[in-house]
Amino acid sequence: MVQTLYATRPSVVSGSFYSANKSELSSQVKRVLSEAKSFKDEDVRALIVPHAGYIYSADVAATAYKTMHKNYKNIFLIGSSHHISFNGASIYTQGDYATPLGEVSVNHNIVKALTNSSKYFTYNPNAHNKEHTLEVQLPFLQTIYGSELNIVPIIVATNELHTIQELAKSLKPFFNSENLFVISTDLSHYPNYEDAYDVDTLTLNAMASNSTQTFIDTLIKNESLELKDMLTSACGWSSVLLLQTLTQSSNYKYEILEYKNSGDSTYGDRDRVVGYGAIRVYKSSENFFLSENEKQELLELAKLSLYEATIHNKKIEVDESKIAPKLKEHLGAFVTLNKEHNLRGCIGTFEPHQPLYEVVINMAIAAAQNDHRFNKVSADELKDIELEISVLTPRKKINSIDEIVLGRDGIYIKKGSKNGTFLPHVATQMGWSVEEFVGYCAQEKAKIGFDGYKDAELFTYEAIVF
């Protein structure tokens, strides 16, 4: 039977992923939105949200949706297929979508433009007929935007990097302040509660790195951990990668807003869980950012420095005229060495007394030779060493801990001659509140007691990790 053109796609997960009753569904969505955390207003360009049943993940998704403070012409809904695979993406061309809250308009002008411009955008009914990844986002968007909502529903069905890059190239003209991109993905599938927390933290930080290579490497590392019962660390990884391809060449900031897993729900056990994260993406107000090429240049300098110092006990010579101008800015940085997924050395400096490229060279050598927790790195170990660099943006003085955004901001505390710091990821790894993040930094790093921060100077900074 030939499907009728402009036939509305009915809800296929109402009654399972969320209530089929209009009143109950509306009340639930409004409640979780009202109870979600609030964050500083930003010009949000994209969200990364979960797509599980509402009893498990609605509160996490609501945290992301609550950060939107403007109207958008179109909302591009992008998720990875759970049912079929082919070399491209399926874009819904047949009509509109529907949920118990009503019909949702599809922008068929954009749909037509995308299918006409790229062979990788086609319509495959099997990609949409049973798929929940996009549909579960609609009640949130309907509640916020009502009849003004226009969507472009896209199911990514490929694992090919080249194809993902081509899809991003076609979407690039639409990735602007007028439109919102919503990326639908859950995190780890079916490890135990503790393993999920650890691996999901790594995955979220890799997403927030805005580096496609870091994200891919992290997915591979997660798989190599061979955690019991874990099938994937991000079922929508291809859609996240598509978003990073759109953002990595500019100063977009990925802010981790919330993390939970199904074990945190009263309906879930802790032996086999699924992880859920919420991230928003916006243009950073900071002037400083690193392009993918600049990140690779720093990684290459760090690797060359590590090898030269370990094998020949020498420091590399660098022609400064060939260094990218941004890498000559005076910024702090940390270099971390990992071996077989375990820490092998980490040294850094917060004081921006040298050009960034020199800091990275010096810290790579120091991490290999001067971290007193470990023996010096040997030449035999080099093949197993993996490098990670954290570039620290300029510090900004704050007047209240309420200005701190967990997952985005690092904290630096100074009181007289004493000082201490925690990098941004420490808060999310430990599951701390803002007060705990600052208090433990004061206690453990600055050595001024848990409450010592209350009359100390407080600064925040961000870390660009790759």
Practice task
Could you grab me the full set of residues in region 170-200 that are out of contact with any strand residue (DSSP E or B) (no Cβ under 9 Å at 6 or more places or on another chain) and within 27 Å of Leu138 (Cβ to Cβ)?
Solution key: Lys172, Pro173
Completion exercise
Filtering region 389-413 down to residues that are of a type in the set (D, E, K, R), buried (at least 18 other Cβ atoms within 10 Å of the Cβ) and outside any loop (DSSP other than H, G, I, E, B) yields Asp409
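So how many residues does region 351-383 have that are under 23 Å from Tyr412 (Cβ atoms), open to solvent by less than 40 Å² (accessible area, probe 1.4 Å) and part of a loop (DSSP other than H, G, I, E, B)? Quick ask: steps written out before the conclusion?
Keep residues of region 351-383 that are under 23 Å from Tyr412 (Cβ atoms), which gives 351-360, 362-364, 366-367, 370-373.
Then keep just the ones that are open to solvent by less than 40 Å² (accessible area, probe 1.4 Å); that gives 355-357, 359-360, 362-364, 366-367, 371.
Those left that are additionally part of a loop (DSSP other than H, G, I, E, B): 371.
Of the residues in region 351-383, 1 are under 23 Å from Tyr412 (Cβ atoms), open to solvent by less than 40 Å² (accessible area, probe 1.4 Å) and part of a loop (DSSP other than H, G, I, E, B).
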Practice task
Go through (1) modelled with pLDDT of 95 or more; (2) open to solvent by less than 70 Å² (accessible area, probe 1.4 Å) one by one and return the number of the condition Arg272 breaks.
Solution key: (2)
Exercise for the section: For Val44, indicate whether it is in contact (Cβ under 8 Å) with a residue 24 or more places away in the chain, of a type outside the set (Phe, Trp, Tyr) and out of contact with any Asp or Glu (no Cβ under 7 Å at 6 or more places or on another chain). Expected result: yes
Exercise for the section: Could you tell me whether region 106-122 includes any residue that is crowded, with 20+ Cβ neighbours inside 10 Å, among the small types (Gly, Ala, Ser) and in contact (Cβ under 8 Å) with a residue 40 or more places away in the chain? Expected result: no
Problem - Tally, over region 219-236, of residues that are touching a residue at least 60 places away in the same chain (Cβ under 8 Å) and part of a loop (DSSP other than H, G, I, E, B) - result: 3
Problem - Flag if Tyr92 is open to solvent by 10 Å² or more (accessible area, probe 1.4 Å) and hydroxyl-bearing (Ser, Thr, Tyr) - result: no
Problem - Matching residues in region 320-329 - criterion: being in contact with an Asp or Glu (Cβ under 9 Å, 6 or more places away or on another chain) and within 16 Å of Pro352 (Cα to Cα) - result: Lys326, Leu327, Lys328
Completion exercise
Scanning region 424-454 for residues that are assigned to a helix (DSSP H, G or I), open to solvent by 20 Å² or more (accessible area, probe 1.4 Å) and without any contact (Cβ under 8 Å) to a residue 40 or more places away in the chain gives Val426, Met430, Val434, Glu435, Glu436, Tyr440, Gln443, Glu444, Lys445, Phe450, Asp451, Lys454
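Sort out which residues of region 125-152 are part of a loop (DSSP other than H, G, I, E, B), buried (at least 17 other Cβ atoms within 10 Å of the Cβ) and of a type outside the set (A, V, I, L, M, F, W, C), and write them in order of number.
Glu131, His132, Thr133
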Problem - Subset of region 33-52 [in a strand (DSSP E or B) and open to solvent by 10 Å² or more (accessible area, probe 1.4 Å)] - result: Arg45
Problem - Count of residues meeting criterion [within 18 Å of Ser211 (Cβ to Cβ) and among the polar types (S, T, N, Q)] in region 296-351 - result: 3
Completion exercise
Only one of Ala58, Ala64 is open to solvent by less than 10 Å² (accessible area, probe 1.4 Å) and either out of contact with any Leu (no Cβ under 6 Å at 6 or more places or on another chain) or among the aromatic types (Phe, Trp, Tyr) (or both), namely Ala58
Exercise for the section: Take the residues in region 414-423 that are in contact (Cβ under 8 Å) with a residue 12 or more places away in the chain and out of contact with any helix residue (DSSP H, G or I) (no Cβ under 9 Å at 6 or more places or on another chain), then tell me which one is most open to solvent (accessible area, probe 1.4 Å). Expected result: Lys414
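If I ask for residues that are open to solvent by 20 Å² or more (accessible area, probe 1.4 Å), over 20 Å from His83 (Cα atoms) and not acidic (Asp, Glu), which ones from region 153-169 would you list?
His162, Gln165, Lys169
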Exercise for the section: Return yes or no: is Val465 of a type in the set (A, V, I, L, M, F, W, C), within 30 Å of Ser321 (Cα to Cα) and under 23 Å from the mean Cα position of the chain (by Cα)? Expected result: yes
Problem - Residues of region 5-32 satisfying the condition of being open to solvent by 60 Å² or more (accessible area, probe 1.4 Å) and assigned to a helix (DSSP H, G or I) - result: Lys22, Ser23, Glu24, Ser27, Lys30, Arg31
Exercise for the section: For region 260-286, enumerate the residues that are within 20 Å of Asp41 (Cα to Cα) and not in a loop (DSSP other than H, G, I, E, B). Expected result: Gly277, Ala278, Ile279, Arg280, Val281, Tyr282, Lys283
Handout entry: Number of the exception - Leu204 against (1) out of contact with any strand residue (DSSP E or B) (no Cβ under 9 Å at 6 or more places or on another chain); (2) more than 30 Å from Asp96 (Cα to Cα); (3) open to solvent by less than 50 Å² (accessible area, probe 1.4 Å); (4) in a helix (DSSP H, G or I)
Key = (1)
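The values are calculated or read from the model by the stated rules, or taken from the named source; none is laboratory data. All figures in this text were calculated on a predicted structure; none of them were measured in a lab. Backbone-built Cβ (ideal geometry, glycine too); neighbour counts: all protein chains shown. These accessible areas exclude ligands, DNA and RNA; they are computed on the full protein's heavy atoms, side chains included. Shrake-Rupley method; radii C 1.70, N 1.55, O 1.52, S 1.80 Å.
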